[in-house]
Amino acid sequence: MNATTIMLAPSKGPRPPRQLLALRLAHRVLGAVAPGVTSLVAERFWFTPPARRSNAGIEAFLDSGELLQLRVGCAHVEGRAWGEGPVALVMHGWGSESGRLQAVIEALVANGMRVVAFDAPGHGRSGPSEWGPRRAHLLEFGRTLLAAEHAFGPLHALVAHSGGCTAAAWAMQQGLRTRRVVLLAPLARPMDYAARFQRLLGFSDAVMRRWLGRAERRLGFAWDELDMRLTPSRVPVPPTLVVHDRDDTDTPWTDGEAVAEHWPDARLLSTQGLGHRGVLKDAGVLAELAAFLRASAAVDALPAPGREPSQGRRAGR
């Protein structure tokens, strides 16, 4: 559940710049004399996604889709739909947006699926999070998935990237149902990232305990609910394809390996040299993803038993 790109920097590598060393020192000193205040600083870092950096290509691709709108709590979220056929719901990662999964979306459409993709609150074209501008949390990603499934399901597939995978697993624990799952570079164990975050920015154990506990109380959840290894012990999980690159420095390959080991009907596709985002565009990965989802598409074109599809809400209707 990374909040900033700095938190996901590799734990080993070149010496940190002077600014980061100074920031660490400031956090250590402030944490020793005012751990409560410092815990608010840590919380602010964690729950602030990077600023949006779109481009003309992403904007044009998004404009080519059918505009969809939903309310997720008090947040307005915006999405797009492309194609016709069994529904595949797509979720981006932390600090990203749906348009960055363009190659994935186009591959699914080319293989006869209707793709629905929303930007999470505080991301992309969606409105602010319930916590206000420039703040967000992964439970809102999960709630967006639940709202989209309710409006546009039943789902043939759920496809997610990075922190969106964590949110997808949490949403499944809250009742989301899909026949197949694809996890691209999953962020499997958020507490591992909390430890890296702590080391990188120099927060003390006391500071971390304070803000992690406050987040649990404020959001009404337990951090282990986001541990993807534990999802199958709580709910049945469908057949799953996990794709992870061995050179991923944002979410290490061992996260994908852990998910594949703990999810009973999961297959791990390991790549080399693509990195964290290259798996979203590689032709070989996209072919594997499409073949995996085509396997039961003919059956999934029919509504799930006892469930009628909903048309959801579209702009201008």
Quiz item: Between residue 177 and residue 206, what FRET efficiency follows from the Cβ-Cβ distance if R0 is 45 Å, with the result rounded to 0.05?
Solution: 0.60
Exercise. Please report how far the C-alpha centroid of the range 172-207 lies from that of the range 54-122, rounded to the nearest whole angstrom.
Key: 23
Quiz item: So which GluC sites (Glu not before Pro) in the range 66-145 pass both tests, a DSSP loop state and at most 14 other Cβ atoms within 10 Å of the Cβ?
Solution: 84
Practice problem: Please label the shape of the range 141-205 as rounded, prolate or oblate, based on the square roots a ≥ b ≥ c of the eigenvalues of the alpha-carbon gyration tensor (a/c under 1.5 means rounded; beyond that, a/b larger than b/c means prolate, else oblate). | Solution: prolate
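Please work out whether the range 68-110 counts as rounded, prolate or oblate from its C-alpha gyration tensor, where a ≥ b ≥ c are the square roots of the eigenvalues and a/c under 1.5 means rounded, while otherwise a/b larger than b/c means prolate and anything else oblate?
Oblate, since a/c reaches 1.5 and b/c is not below a/b.
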Exercise. Any chance you could look up the accessible area of residue 64 with a 1.4 Å probe, heavy atoms only, rounded to 10 Å²?
Key: 80
Practice problem: Please label the shape of the range 188-231 as rounded, prolate or oblate, based on the square roots a ≥ b ≥ c of the eigenvalues of the alpha-carbon gyration tensor (a/c under 1.5 means rounded; beyond that, a/b larger than b/c means prolate, else oblate). | Solution: oblate
Quiz prompt | Stokes-Einstein D for the range 53-143, Kirkwood Rh over Cα pairs, 4 °C, 1.567 mPa s (µm²/s) | solution = 98
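Can you give me the Kirkwood hydrodynamic radius for the range 232-274, using every pair of distinct Cα atoms, in Å to one decimal? Can you show the working numbers first?
Details: mean 1/r = 0.0928 Å⁻¹.
In the range 232-274 this quantity evaluates to 10.8 Å.
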Exercise. At q = 0.12, 0.17, 0.20 Å⁻¹, what is the base-10 log of I(q)/I(0) for the range 148-279 according to the Debye formula with one equal point scatterer per Cα and no solvent? Please give it to two decimals.
Key: -0.49, -0.92, -1.15
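If r is the Cβ-Cβ distance from residue 214 to residue 110 and R0 is 41 Å, what FRET efficiency results, to the nearest 0.05? All intermediate terms of the calculation are to be shown ahead of the outcome.
Details: r = 46 Å, r/R0 = 1.12.
The pair residue 214/residue 110 has a calculated efficiency of 0.35.
The values are calculated or read from the model by the stated rules, or taken from the named source; none is laboratory data. What you see is a predicted model; the values in this text were computed from it and never measured. Using ideal geometry, Cβ is built from the backbone for each residue, glycine included, and neighbour counts are taken over all protein chains shown. For the accessible areas, the whole protein counts, side chains as well, though only heavy atoms, and no ligand, DNA or RNA atoms are used. Shrake-Rupley method; radii C 1.70, N 1.55, O 1.52, S 1.80 Å.
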